[in-house]
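Chemist: Okay, here's the structure, questions in a sec.
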Amino acid sequence: MIPVQHIHPMIVHFPIVAIFLLVAFDVVATAMGKSVTGRTVVSNIATGLAVLAAASAAAAFDFGGLALDVAEAGGFSSDVAETHEALGKYVAVFLALWALVRVVLWFRDFRFKGVSAYLVPLVTVAGTALVVTTAYFGGQLVFDLGDNVAKVAAGA
């Protein structure tokens, strides 16, 4: 059986990849004049990526909380961990709200036109920046502080 603290690092890459795919898709499609909202083939893919990013971010946040509990039970304590956890919550909420907005836009077949069409990729870029910032602090936990890996590396 996989230790619960190892599940977060395994699934955390799904929302990262999904948001990067979504931002690339939104930017390229919008630049090409395609609508990323409404009911088009392009928006079907974009909306699916937004929902995937949100669902996987929620799972990563939940398992991240469990991993932090295990680390703290073993004596680990860090402001970096608290920052990472708070940012993880913001990511999960942001992506859930953004996915909800996109599903509503899809359901209502609403398509932004003109300059306002660029609002969608801009919001996705903001979400991507939040994800990257959160990932930075997660990387500090593992690579700088050895959270949940130091004992394995030491052979304990």
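No lab work stands behind these numbers, since they all come straight from the coordinates. Keep in mind that what you see is a predicted model, and the values were worked out from it rather than measured. Reconstructed Cβ throughout: ideal geometry from the backbone, glycine too, with neighbour counts over all protein chains shown.
Chemist: Provide the FRET efficiency to the nearest 0.05 for the V70-L100 pair, computing r from the beta carbons and using R0 = 35 Å.
Modeler: So, using R0 = 35 Å, E works out to roughly 0.65.
Chemist: Another question, if that's okay. In region 4-154, if the dipole is taken from +1 on Lys/Arg beta carbons and -1 on Asp/Glu beta carbons about the Cα centre, which of I19, F112, T133 is farthest to the positive end?
Modeler: Working it through, the farthest residue towards the positive pole turns out to be F112.
Chemist: A31 versus M10, label points 7 Å from Cα toward the beta carbon: distance in nm?
Modeler: 3.7 nm
Chemist: To the nearest 10 degrees, how steep is helix 13-31 against the longest Cα principal axis of the chain, on a 0 to 90 scale?
Modeler: The helix 13-31 is inclined about 20 degrees to the chain.
Chemist: Now, a different point. Helix-derived [θ] at 222 nm for the chain: sum -39500 (n - 2.57) over DSSP H runs of at least 4, divide by residue count, nearest 500?
Modeler: -24500 deg cm²/dmol
Chemist: So what are the three principal axis dimensions of region 4-154 from its Cα atoms, in whole Å, longest to shortest?
Modeler: Sorted largest first, the three principal extents are 55, 23, 21 Å.
Chemist: Moving on. Specify the angular offset, from 0 to 90 degrees and rounded to the nearest 10, of the alpha carbon long axis of helix 41-73 from the longest principal axis of the alpha carbons in the chain.
Modeler: It works out to around 20 degrees.
Chemist: If the only charges are +1 at each Lys and Arg Cβ and -1 at each Asp and Glu Cβ, what is the size of the charge dipole of the chain around the Cα centre, to the nearest 20 debye?
Modeler: For this selection, approximately 940 debye.
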